[in-house]
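Written below as structure tokens is the structure these notes are about.
The values are calculated or read from the model by the stated rules, or taken from the named source; none is laboratory data. Quick caveat, the model's predicted, so the values are computed rather than measured. So basically every Cβ, Gly included, is an ideal-geometry build from the backbone, and we count neighbours across all protein chains shown.
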């Protein structure tokens, strides 16, 4: 059991965010928009003091950390004006108690002789007056945001007992004019870097378990073909370019195998193929469509099939065998994403002509709609299972949102112009 | 210098951790250690190398004066009788031009998921492939592929746009 380092503060010290206070009091630096709904939601007040030396650094580390924590819905920022502290300081915690902060983060940033940046911070439990320790990161300028996300992860884990996902990355596709691009961005949508740009569509990006490669479907040769792309080097290899359509790549948990949908033997059917390429092995045989495979930690592959007359989600043991139907409500359930603990299924269900993100408890089979939008697509679980990223459309524009699994806290991810779609949340990175 | 205020005792631990190959973050009370991350761009862990692709080639001519698009009804994957004469003309052309290849590109309207629509577009392309096969066109001259909802002929969310997007296009090579 990790924590409860912080004592439960009295209710009056916690903020009761009532429905209607949407995004109020968000700091101006936050480029995302956080919507909070649901009465009685508690958030921990936390002070993230500016790092000593931050004014001279290329990234405002404390602002990135605070924005991360607020986007999780679990924290609310406390005013830090006038604070001049670093990780070696012994802060006057009584003063921070007066400011109603339950926790305080202080630190420093400075450039080393070789040009890299040394970022340090220390976390204090203000209520108990305890030093919760800290970290130091020596990074290149390009990795300063990553260092800030690692700090946010550290704080989040210390104070909630759950692993943070702020240092993970999200891949997605944009369409701007007639140009399609595959991007890799920080989990807050910032720091987007283009991995691939093409005049033809790109869909279905999928992260390798190591987080170093993306599989996806590219139409660059005027048909759907599956590639695996090493994102640090830009090296690509063709994995499935068989007669007909090749699509829907999914990585096995050990990264050695991809499940794909191929039409080479007629119809859209599921196959497995080595992630270094080679001859595919047929997973199953059905008379209809089988597609959108995804590996889950329960040893099953979840997929979509219309074998029962309408598209529904099924699961089958990784080695093949007899499929079991998972969704029963409605006549259009697609795009399964299974939580890392295999307890929850996120998927898209058509309800009265609207396509809506749903989650299903896989034990009780209770399904819940999470959104008020009607063109939701392509959900993808964060590696800690606490958030889901998905694509949707508002005012005719495609965008990416994150939501908590209970649907109460949603944030729109920052991003460039044009249509944004097909999000895939990457795995945990090294700490 | 501030770097010397950290605990020397833990240097060995940090060195051991580095040998094991984990950790780019260092405990605050340990000596700061540099870690350039895995083999990646410019020593940065978060850098991404961009790849740019250029436009693909055009297509060569098929039969002159014959429609290249077969339209489908909503939620339908069978070729309507009104397109039989179009398919007859394409079949005649392919049988008399045996070196020519045709790609049958299935498409759907924009409603629903991208991958499921890709499978539905494939169903339409396969229906045209089977129809041409019945007219004597060898399989080796045809490839049925799908663009799903990715390449609509008409933008928009009207019933009219949907009807124009539910189609198979015949592209000659």
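For residue A:141, state whether it is within 11 Å of chain B (Cβ to nearest Cβ), touching a residue at least 40 places away in the same chain (Cβ under 8 Å), surrounded by fewer than 19 Cβ atoms within 10 Å (Cβ to Cβ) and out of contact with any strand residue (DSSP E or B) (no Cβ under 6 Å at 6 or more places or on another chain).
On the way: within 11 Å of chain B (Cβ to nearest Cβ): yes; touching a residue at least 40 places away in the same chain (Cβ under 8 Å): yes; surrounded by fewer than 19 Cβ atoms within 10 Å (Cβ to Cβ): yes; out of contact with any strand residue (DSSP E or B) (no Cβ under 6 Å at 6 or more places or on another chain): yes.
Here the answer is yes, as residue A:141 does meet what is asked.
Looking at this structure, is residue A:133 within 13 Å of chain B (Cβ to nearest Cβ) and touching a strand residue (DSSP E or B) at 6+ places or on another chain (Cβ under 6 Å)?
When the stated conditions are applied, residue A:133 does not pass them.
Does residue B:172 satisfy the condition of being in contact (Cβ under 8 Å) with a residue 12 or more places away in the chain and either under 10 Å from residue B:109 (Cα atoms) or facing chain A (nearest Cβ under 9 Å) (or both)? Quick ask: steps written out before the conclusion?
Details: in contact (Cβ under 8 Å) with a residue 12 or more places away in the chain: yes; either under 10 Å from residue B:109 (Cα atoms) or facing chain A (nearest Cβ under 9 Å) (or both): no.
Taking the combined requirement at face value, the residue does not satisfy it.
State the number of residues belonging to the stretch B:153-168 that are on the phi < 0 side of the Ramachandran plot, assigned to a loop (DSSP other than H, G, I, E, B) and out of contact with any strand residue (DSSP E or B) (no Cβ under 7 Å at 6 or more places or on another chain). Working first, answer last.
Within the stretch B:153-168, the first condition is being on the phi < 0 side of the Ramachandran plot, and the residues that meet it are B:153-155, B:157-168.
Remaining after also requiring assigned to a loop (DSSP other than H, G, I, E, B): B:153-155, B:157-158, B:166.
Still in the running and out of contact with any strand residue (DSSP E or B) (no Cβ under 7 Å at 6 or more places or on another chain): B:154-155, B:157-158.
Residues in the stretch B:153-168 being on the phi < 0 side of the Ramachandran plot, assigned to a loop (DSSP other than H, G, I, E, B) and out of contact with any strand residue (DSSP E or B) (no Cβ under 7 Å at 6 or more places or on another chain): 4 in total.
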Among the candidates A:120, A:97, single out the residue that is at pLDDT 95 or above, in a helix (DSSP H, G or I) and either within 16 Å of residue A:49 (Cβ to Cβ) or within 11 Å of another protein chain (Cβ to nearest Cβ) (or both).
A:97
Search the stretch A:395-407 for residues being away from chain B (no Cβ under 14 Å) and either within 14 Å of residue A:373 (Cα to Cα) or out of contact with any strand residue (DSSP E or B) (no Cβ under 7 Å at 6 or more places or on another chain) (or both), and hand back the single one that is surrounded by the fewest Cβ atoms within 10 Å (Cβ to Cβ).
A:406
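Restrict the check to the stretch A:113-131 and report whether at least one residue is farther than 21 Å from residue A:187 by Cβ and in contact with a helix residue (DSSP H, G or I) (Cβ under 6 Å, 6 or more places away or on another chain).
Yes; the residues of the stretch A:113-131 include at least one that is farther than 21 Å from residue A:187 by Cβ and in contact with a helix residue (DSSP H, G or I) (Cβ under 6 Å, 6 or more places away or on another chain).
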Residue A:419, sole failed condition from (1) more than 26 Å from residue A:298 (Cβ to Cβ); (2) away from every other protein chain (no Cβ under 14 Å); (3) surrounded by fewer than 23 Cβ atoms within 10 Å (Cβ to Cβ)
(2)
